[in-house]
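The values are calculated or read from the model by the stated rules, or taken from the named source; none is laboratory data. Owing to the predicted nature of the structure, the values given are computational and were not obtained by experimental measurement. No Cβ is skipped: glycine too gets one built from the backbone with ideal geometry, and neighbour counts run over all protein chains shown.
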Amino acid sequence: MTRVRWAALVLLLGAVAGCAERQAGADGTGKTCTESKDSGGLTVALAYTPCPIRGGQSASGHITVKDSSGAVVKDATVKVLPEMPSMNMKSGEQDATPNGDGYDSKLVLGMGGDWTVKVVVTRGSAAPAEVSYTLSAK
Ligand SMILES: [Cu+2]
């Protein structure tokens, strides 16, 4: 490849990267939505950013768990399991990491469309509590 072609390629790649950054800023990536569900005496809230989630991109999730008295549960094991029922499709399972008042997890919805995001909360030897959220990826 000649020097001129390399220069053109570098310019082209720079233009593509710049475009992606502008789009990320313009479509409100900072917006967070929260949904809450009850199961097995626990209230499990899922906050996710951006809202709506973009199909094929990694979003961030933060899960908080409260017991029936409203106390924050920080000693649970939390798993996140996204599925796309219409296509019998599953995305990568995530183990959420304890952080502050809850648990952090990536949320990777592999494509645009309706997803069921199952969150399984296990405490000690108790039966796991399971909640599902319906999230639409754009
Ligand atoms: Cu799919």
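Quick look at the numbers
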{"item": "Test result for residue 105, under 18 Å from residue 56 (Cβ atoms) and either in the same structural domain as residue 127 (by TED's automatic domain parsing) or within 16 Å of the ligand (Cβ to nearest atom) (or both)", "result": "yes"}
{"item": "Count - residues of region 68-83 that are surrounded by 19 or more Cβ atoms within 10 Å (Cβ to Cβ) and either within 14 Å of the ligand (Cβ to nearest atom) or more than 21 Å from residue 125 (Cα to Cα) (or both)", "result": "1"}
{"item": "Residue match in region 44-60 (condition: over 12 Å from the mean Cα position of the chain (by Cα), modelled with pLDDT of 95 or more and away from the ligand (no atom under 16 Å from the Cβ))", "result": "yes"}
{"item": "Selection count, region 124-138, where residues are surrounded by fewer than 15 Cβ atoms within 10 Å (Cβ to Cβ) and within 16 Å of the ligand (Cβ to nearest atom)", "result": "3"}
{"item": "Close pairs (9 angstrom Cβ cut-off, 6 or more residues apart or separate chains): farther than 19 Å from residue 106 by Cα in region 59-75, crowded, with 20+ Cβ neighbours inside 10 Å and among the β-branched types (Val, Ile, Thr) anywhere", "result": "66/44; 72/65; 73/65; 73/121"}
{"item": "Hey, residue 121 closer than 19 Å to residue 49 by Cβ and either assigned by TED's automatic domain parsing to the domain that holds residue 49 or within 10 Å of the ligand (Cβ to nearest atom) (or both) or not", "result": "no"}
